[in-house]
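Taking it in order: structure first as structure tokens, then the write-up.
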Amino acid sequence: MENSKLKKGLTLATLLTLVTGAMVGMAWAVLINVFLDRAGPAVIISLLVASILTLFVGLCFAELCSAMPYAGGAYIYIRRGLGKFTGFIAGWLLVLAYAAMMP
């Protein structure tokens with residue numbers, strides 16, 4: 001069996017793809033009519049503001065990824081910062097949150 005390792009690094013394209021996927025999800029497709037009814041053309045401005053704010057979150061994750069280049073994502077960051085038990089709870093809450101977002 002070969003000694004394989006994960007590639008340590010995120011390109012700008014990868015970061016933008018991850019941020020866009022996390023932000024967009026399925027909510028826009030399901031709720032776009034509600035957004036347009038309530039906000040009208042301001043929906044475009046709202047989505048741009050949300051995109052910019054989400055980009056900052058993605059940049060924070062990029063910094064964490066370069067500081068802690070281990071597989072596990074948010075679980076690893078929380079575990080290293082707040083301890084094993086908190087990391088365990090946060091990891092399972094993330095799994096439940098991702099499952100709840102499924103359409």
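Every number here is computed from the coordinates shown, using simple stated rules; none is lab data. Note that this is a predicted model, so its numbers are computed, not measured. Using ideal geometry, Cβ is built from the backbone for each residue, glycine included, and neighbour counts are taken over all protein chains shown.
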Would you compute, from DSSP H runs of 4+ residues alone, the mean residue ellipticity of the chain at 222 nm, taking -39500 (n - 2.57) per run and dividing by the full residue count, rounded to the nearest 500? -25000 deg cm²/dmol
Return the Rg/Rh value of the chain, two decimal places, where both radii are evaluated on C-alpha atoms and Rh is the Kirkwood radius. 1.06
Report, in debye and to the nearest 20, how large the dipole of the chain comes out about its Cα centre when Lys and Arg carry +1 and Asp and Glu carry -1 on their Cβ. 340
